[in-house]
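To start, the structure under review is shown below, and the notes come after it.
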Amino acid sequence: MTIHEGHPRRDSLLSRQKIVDAHKKGLLADSALIAHGRGEAFDYLLGERTIPSAKRAARESVNRLAAAHRPVISLNGNSTVLAGRDAVKLAALIGCRIEINIFYRTDSRMNLLSQTLNLMKNEVASDSPLDGISPEAWPQMVADVEILGMSPDAHIPGLEGPRAKCCSQGIHAADTVLVPLEDGDRCEALIQMGKQVLVVDLNPLSRTARTATVTIVDDISRAFREMIKIALGNLSAPDSQWDNTTILIDAIDTMGKASSTSFGQDG
Ligand code: PTJ
């Protein structure tokens, strides 16, 4: 598909095409397309940009990942397709593991997602390193990112069936989990386990967004790009007074203002 450089909704249309192509290859659940469409609708109201409160939440998330003892980035189908490469970069910068953890679990999808992420890992290792990172150190930093998920040996208490599966050395043992596009039940279950749960969700009203410790109300591709920028700079200690509700209210306000002051963009 060709979309000219100046198209006002170029990024959104490219992401949509990535989702369509990945679905054809069998990487995604059928409902992934519906989930993506729901995300697009909220993103349209945000103006398809990272709002300042989302930047604050992204910064807080990176600070918390960096301060954690056992941080893990959990990736599902949509997040691997839209932000897999950047998730590998962020994991390399923070020094954390990635676990492939999907809601609609099948062996075929797990195999395809694992192959895709390992391929992305190889590409990221041979790419030119990020600004400020030594070219000698970068390939090893990326190689050190462990990709878990293929051999789950633990369960998330309180959940039934395949979606409860996880790895004892990954999500189960983690003190802080970054879980983009999580479902409400699992977010609640992870919180019940005493973990800090950092989520990316374009829907500020979702149970996930409301339950998480920190919610980044932003598109997942933009959120990961932002977190990488932050991880390359100076980090601070987590904010012990963090008030997630203000982040959600700000996103809802922004969306409300957009719908009351504009007729939106075309196409
Ligand atoms: O790969 P699997 O099997 O784990 O399945 C993944 C999906 C996404 C299909 C599954 O988790 C699902 O059904 O998700 P939900 O419950 O529909 O929730 C998806 C949430 O993510 C919604 O609140 C959307 O607004 C939000 N969302 C969708 N696309 C994006 C997004 N948030 C950020 N960036 C996006 N690109």
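Quick notes on this structure:
- Amide H contacts under 5 Å for Cys167, placed H, 5+ residues apart: Asp153, His172
- Take the chain and mark each of the GluC sites (Glu not before Pro) that is in a DSSP loop with at most 12 other Cβ atoms within 10 Å; the longest unmarked stretch, sites excluded, is 6-135.
- Percent of beta bridges antiparallel (DSSP, the chain, rounded to nearest 5): 10 percent
- Modelled label positions at Ala67 and Asp243, each set 7 Å beyond Cα in the direction of Cβ, lie 1.8 nm from each other.
- Here the label points at Glu160 and Leu130, each 7 Å from Cα along the C-beta direction, are separated by 4.1 nm in the simple model.
- Asp144-Asp253 FRET efficiency (beta carbon distance; Förster radius 25 Å; 0.05 resolution): 0.05
- DSSP H segments from the chain that extend 24 Å or more along their own axis, Cα-based, with Kyte-Doolittle mean of 0.0 or above: 244-261
- Cut-off under 5 Å, modelled amide H: who pairs with Val200 long-range: Val179, Leu181, Glu182, Ile216
- Difference of contour (0.36 nm per residue) and Cα-Cα distance, Ser108 to Leu14: 31.3 nm
- Dipole in debye (nearest 20) - region 10-262, about Cα centre, beta carbon charges: Lys, Arg +1; Asp, Glu -1: 240 debye
- Amide hydrogen neighbours beyond the local backbone of Glu99, cut-off 5 Å, H modeled: Ile73, Ser74, Leu75, Leu148
- Solvent exposure ordering (accessible area, 1.4 Å, most first) of Lys55, Lys121, Lys257: Lys257, Lys55, Lys121
- Within the chain, helix-based [θ] at 222 nm, where runs of 4 or more DSSP H residues each add -39,500 (n - 2.57), nearest 500: -16500 deg cm²/dmol
- For region 33-185, with +1 on Lys and Arg beta carbons and -1 on Asp and Glu, the positive-most of Met150, Ala83, Ala68 along the dipole: Ala68
- Counting all C-alpha pairs of the chain, share separated by more than 28 Å (%): 31 percent
- Evaluated at q = 0.14, 0.29, 0.33 Å⁻¹: base-10 log I(q)/I(0), Debye formula over Cα of region 73-119: -0.29, -1.13, -1.34
- Summarising the label geometry, the points placed 7 Å from Cα in the beta-carbon direction at Ile3 and Ile34 lie 2.4 nm from one another.
The values are calculated or read from the model by the stated rules, or taken from the named source; none is laboratory data. The structure presented is a predicted model; accordingly, all values stated were derived computationally and were not measured. Cβ atoms come from the backbone with ideal geometry, glycine included; neighbour counts cover every protein chain shown. SASA here: full protein model, heavy atoms, side chains in, ligands and nucleic acids out. Shrake-Rupley method; radii C 1.70, N 1.55, O 1.52, S 1.80 Å.
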